[in-house]
Structures are given as structure tokens and as C-alpha cells.
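To start, the structure under review is shown below, and the notes come after it.
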Amino acid sequence: MNSVQRRGLVNASVAAIATFAIGSAVVYAAGGPDDVVTPPPSATGPSASPSPTCTPTWEVVRSANPGEAPITLLGVTAVTSAEAWAVGGIGEPEVPTAVAVMRWDGDRWLPFAVPSPGTTLNELRAVDASEPNDVWAVGRTSSGFGEQPLVLHFDGTEWSDVELPSEIDGVLNGVAAISPADVWAVGSVGDPAASLERALVLHWDGTAWANVEIGRATGGGKAALVDVEGVSPTDLWAVGYQHFQPLIIRFDGEAWSRSPTEIRGTLHAIEAFATSQVWAVGTPIQRFDGETWTEAPITRADAELVDVAAIGGLDIWAVGSRPAKEPGTTRAAVYRYSGHRWVPVEGPSVAGSDSLSAVDALPDGTLLAVGWKDADLQRETLAIRGTTCPPEG
């Protein structure tokens with residue numbers, strides 16, 4: 001189920017949702033006043049017992065670490081409550097030598113065999129699906145002659161390497177699968193080390209990938225795109241940076257154009273729940289109301305949030321990391337917006353240093369996030385499952 005299909009289901013079902021549950025484990029109490037749903041007064045009078053409040057939480061779920069090489073997970077997409085995909089790299093985090101792909105079966109993450117076309121570097125940074133038999137993952141690859149964008153496709157049986165325009169170098173950071181004949185990928189071309197990177201947008205029409213001209217949307221100079229999200233085939237959003245300032249662009253079915261923001265900082269991801277409700281996550285978090293971008297209030301703003309997913313219009317989750325007490329270490333950060341401000345969602349402590357890099361959600365309340373943990377000088381996979389609450393009303 002892709003992002004567009006998820007939005008349609010959400011819009012049709014949010015008002016009918018009374019309870020969300022993912023798994024049976026509830027780990028630690030969490031959150032703040034905005035996460036507590038206050039039940040309406042009972043019609044039976046003051047003698048009736050109050051209904052229990054709901055506290056969102058998260059728990060660690062099983063994820064595979066085959067072999068002895070470090071594994072870093074960077075992207076995730078939830079297709080159904082019992083099928084999801086996570087992607088990343090195997091090897092040293094800065095220069096992984098093989099791609100990592102894992103499949104969720106509703107209980108745990110298991111490794112899945114995929115090709116790694118490069119001889120020196122292979123990494124997947126994002127994944128999305130329009131349906132169970134149409135899953136796309138993007139990243140970078142190299143055989144010693146610079147980096148090239150990498151695109152892999154799953155057809156329901158196996159993953160395969162998909163040909164891209166030969167003249168393109170650089171990397172792909174985000175992908176949005178609208179339908180089997182409408183897929184978008186974003187990233188950059190050029191060398192960031194020399195400040196020569198330029199934003200890159202590719203489009204799949206069901207037959208081939210093509211480079212899309214977006215020069216007027218991003219302007220000249222140093223620029224890159226890091227994430228892309230779709231409300232519909234004629235309403236897509238992408239975020240990144242231009243000259244170290246936030247860059248937000250929008251596709252209306254005909255062309256990409258700039259969505260201006262006056263808020264400074266960094267942007268890592270975007271979630272478009274509806275045309276008039278779009279979230280851009282980074283430092284700080286920004287919200288689009290259909291006309292302008294404004295900064296969103298957040299409790300405990302020491303976290304660096306890097307991805308965002310919506311279960312409902314008033315049920316938005318973001319993940320990342322925050323500084324830990326021990327110098328040089330981090331703790332996984334999970335935040336939730338339920339209509340007022342972003343507040344932390346607590347979960348179990350993980351030994352060592354850990355971070356979450358990606359999150360996805362379904363209208364039924366399925367919430368999955370992935371990342372990594374560093375313990376005993378060894379990097380391993382980290383995966384969590386969130387438990388949400390009914391929307392406040």
C-alpha cells in the first residue's frame with residue numbers, strides 16, 4: 001500500500017477509529033498531557049467508573065543480524081500489518097559494501113536476498129511500495145569510478161536492479177511509489193565535498209526512468225533533495241536544502257515549483273497527509289496549512305528527528321535520536337503529535353548507543369520504525385513497533 005492509498009484509507013476511516021493496537025506489549029509509561037485522551041462524561045452519572053486513559057508507547061521487536069558485518073537500516077515502508085520492508089547497508093556505515101533488505105512478517109524482521117551491483121559500495125537509503133508486488137528501493141552504488149544512483153525493484157518474487165539514464169551520477173535519497181506506472185525518486189548529482197551537488201528528480205512511467213527538469217524550482221547553486229512524498233499523482237512534495245537553507249518543492253501534476261518557507265534550519269523528511277496538512281521534519285518541525293509554513297511547538301527540543309509518518313490527521317509520529325549522558329552516544333527518539341504539540345513517546349532503554357532513521361504507518365495503527373544500535377563496538381539493526389491511541393476529540 002503506497003502513500004496515496006494510505007491517505008485515502010485514512011480520510012475514509014479516521015472518524016470511525018476508536019482504538020488502535022499494535023502487538024500486546026506495553027512498555028513503560030510515557031508522554032505528556034497532550035498524549036492522554038480524556039473520555040467524555042458518562043451518561044450514567046458520577047457513580048460510573050472512569051474509562052482508562054491511553055498512553056502511546058513503543059517496544060523493540062526482533063530484527064536479524066546475519067553474519068559478522070555491521071548492518072545499518074535507513075528506510076522502511078509498511079505495506080500491510082503483516083508485510084513491510086526495511087533497507088540499508090552492510091559493512092562500515094560510511095562505505096557499506098552490500099545492500100541490506102529485510103522483510104517484516106508481522107512478528108519479526110528477516111533478511112531477504114537482493115543484488116548488490118557495485119564492486120566497492122552499495123547502499124539503499126529509502127523504500128516505498130504502491131502494492132505488495134510493486135516495491136521500490138533507492139540509494140547509491142559504486143565500482144570505483146564515483147557514485148551512481150541505485151534503484152532496485154521487487155515484483156512479488158524477487159528484487160532486481162533497474163536501469164537508469166546512463167549520464168547520471170550521484171545518489172538517491174527518497175522514493176514515492178504512487179502506482180506501478182508512477183514512481184518518483186529524489187537525490188542529488190555532483191560532488192557534495194566540493195559543494196557541487198545539484199538537486200535530482202527521476203520519474204518512472206511504467207517503462208523507464210527519466211530525468212525531470214526542476215531547475216526553476218530549486219534555483220541555482222548547491223542543492224539536494226532528501227525525501228519525497230505524495231498525496232496524489234498531482235500533489236507531491238519533496239524537501240532538502242539549497243545553500244544550507246531549507247528547500248521545499250511541490251508537484252501539481254504539470255511541473256515542480258518552490259513552496260517558500262521563512263523558517264530556517266534543516267529538513268530531513270516530509271509527510272503529506274492532505275493537501276492542507278503537510279509536515280516537514282527536521283530542526284525545527286514545520287507545518288503547512290494550505291497557505292503558509294509555520295514552526296510547530298515541541299516538548300523537549302533536543303532531539304534530531306529525521307523521518308515522519310501519519311496514522312491519522314491528529315496522529316503523527318516522528319523518529320530520530322537525542323544526545324545521551326555518555327559523550328558521543330545517542331538514544332532513540334520517538335515523538336508524537338496529537339493535535340497540540342509534539343511530545344516524546346517513551347520506550348525501553350537499549351544498551352550502548354542507538355538511533356532510529358525511518359518510520360512508516362498504516363491507517364489501522366501499524367507503526368514500524370528502524371535504525372541501528374552500537375553495543376560492544378558492533379553495529380546491529382534496531383527495529384521498534386509503536387502502540388498509538390485514539391485521536392483526541
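Looking at (1) open to solvent by less than 40 Å² (accessible area, probe 1.4 Å); (2) without any contact (Cβ under 8 Å) to a residue 24 or more places away in the chain, find the lone condition where G220 falls short.
(1)
For the range 350-393, how many residues meet the condition of being within 19 Å of the chain's Cα centre (by Cα) and part of a strand (DSSP E or B)?
Count: 22.
List the number of the failed condition for G339; all other conditions in (1) closer than 22 Å to E229 by Cα; (2) out of contact with any Phe, Trp or Tyr (no Cβ under 9 Å at 6 or more places or on another chain); (3) without any contact (Cβ under 8 Å) to a residue 60 or more places away in the chain hold.
Here G339 meets the rest and fails (3).
Could you list all residues from the range 100-109 that are outside any loop (DSSP other than H, G, I, E, B) and open to solvent by 10 Å² or more (accessible area, probe 1.4 Å)?
R103, R108
Could you tell me which of the residues E213, E262 is over 30 Å from Y337 (Cα atoms) and part of a loop (DSSP other than H, G, I, E, B)?
The match here is E213.
Pairs needed: first member in the range 307-327, hydroxyl-bearing (S, T, Y); second member anywhere, surrounded by 21 or more Cβ atoms within 10 Å (Cβ to Cβ) and assigned to a loop (DSSP other than H, G, I, E, B); C-beta distance under 7 Å; at least 6 residues apart or different chains.
Cβ pairs passing all conditions: S321/A303.
Take the residues in the range 77-91 that are open to solvent by 10 Å² or more (accessible area, probe 1.4 Å) and part of a strand (DSSP E or B); name whichever of them is nearest to R331 (Cα to Cα).
I90
Of the residues that sit in the range 236-264 and are within 21 Å of the chain's Cα centre (by Cα) and among the hydroxyl-bearing types (S, T, Y), which one is nearest to A217 (Cα to Cα)?
So, considering only residues that are within 21 Å of the chain's Cα centre (by Cα) and among the hydroxyl-bearing types (S, T, Y), the one nearest to A217 (Cα to Cα) is S259.
Counting only residues that are of a type in the set (D, E, K, R) and assigned to a strand (DSSP E or B), which one in the range 295-314 is most open to solvent (accessible area, probe 1.4 Å)?
Once the filter is applied, the top-ranked residue is E295.
Yes or no: the range 225-233 includes at least one residue that is open to solvent by less than 10 Å² (accessible area, probe 1.4 Å), of a type in the set (G, A, S) and modelled with pLDDT under 95.
Checked against the condition, which is being open to solvent by less than 10 Å² (accessible area, probe 1.4 Å), of a type in the set (G, A, S) and modelled with pLDDT under 95, the range 225-233 yields at least one hit.
Check off (1) open to solvent by 30 Å² or more (accessible area, probe 1.4 Å); (2) under 22 Å from P93 (Cα atoms); (3) of a type in the set (S, T, Y) for S188 and give me the number that stays unchecked.
Among (1) open to solvent by 30 Å² or more (accessible area, probe 1.4 Å); (2) under 22 Å from P93 (Cα atoms); (3) of a type in the set (S, T, Y), S188 violates only (1).
V151 - would you say it is in a strand (DSSP E or B), among the aliphatic types (A, V, I, L, M) and open to solvent by 20 Å² or more (accessible area, probe 1.4 Å)?
It is false that V151 is in a strand (DSSP E or B), among the aliphatic types (A, V, I, L, M) and open to solvent by 20 Å² or more (accessible area, probe 1.4 Å).
Within the set of pairs 6+ apart or on separate chains, which have a first residue in the range 102-113 that is of a type outside the set (F, W, Y), a second that is surrounded by fewer than 17 Cβ atoms within 10 Å (Cβ to Cβ) and outside any loop (DSSP other than H, G, I, E, B), and C-beta atoms under 7 Å apart?
Correct list of pairs: M102/L110; R103/L110; R108/R62.
Is the range 275-294 home to any residue that is outside any loop (DSSP other than H, G, I, E, B), touching a helix residue (DSSP H, G or I) at 6+ places or on another chain (Cβ under 9 Å) and of a type outside the set (A, V, I, L, M, F, W, C)?
no
I'd like to check something: does the range 156-168 contain any residue that is modelled with pLDDT under 95 and of a type in the set (V, I, T)?
yes
Mind telling me which of the residues A224, A193, A199 ends up being assigned to a helix (DSSP H, G or I) and at negative phi?
A193
Take D205 and tell me if it is within 24 Å of T275 (Cα to Cα) and open to solvent by 40 Å² or more (accessible area, probe 1.4 Å).
Here the answer is yes, as D205 does meet what is asked.
The values are calculated or read from the model by the stated rules, or taken from the named source; none is laboratory data. Computed from a predicted structure; not experimentally measured. With ideal geometry, Cβ positions are generated from the backbone for all residues, glycine too; neighbour counts draw on all protein chains shown. Just the protein is used for accessible areas: all its heavy atoms, side chains included, with ligands, DNA and RNA removed. Shrake-Rupley method; radii C 1.70, N 1.55, O 1.52, S 1.80 Å.
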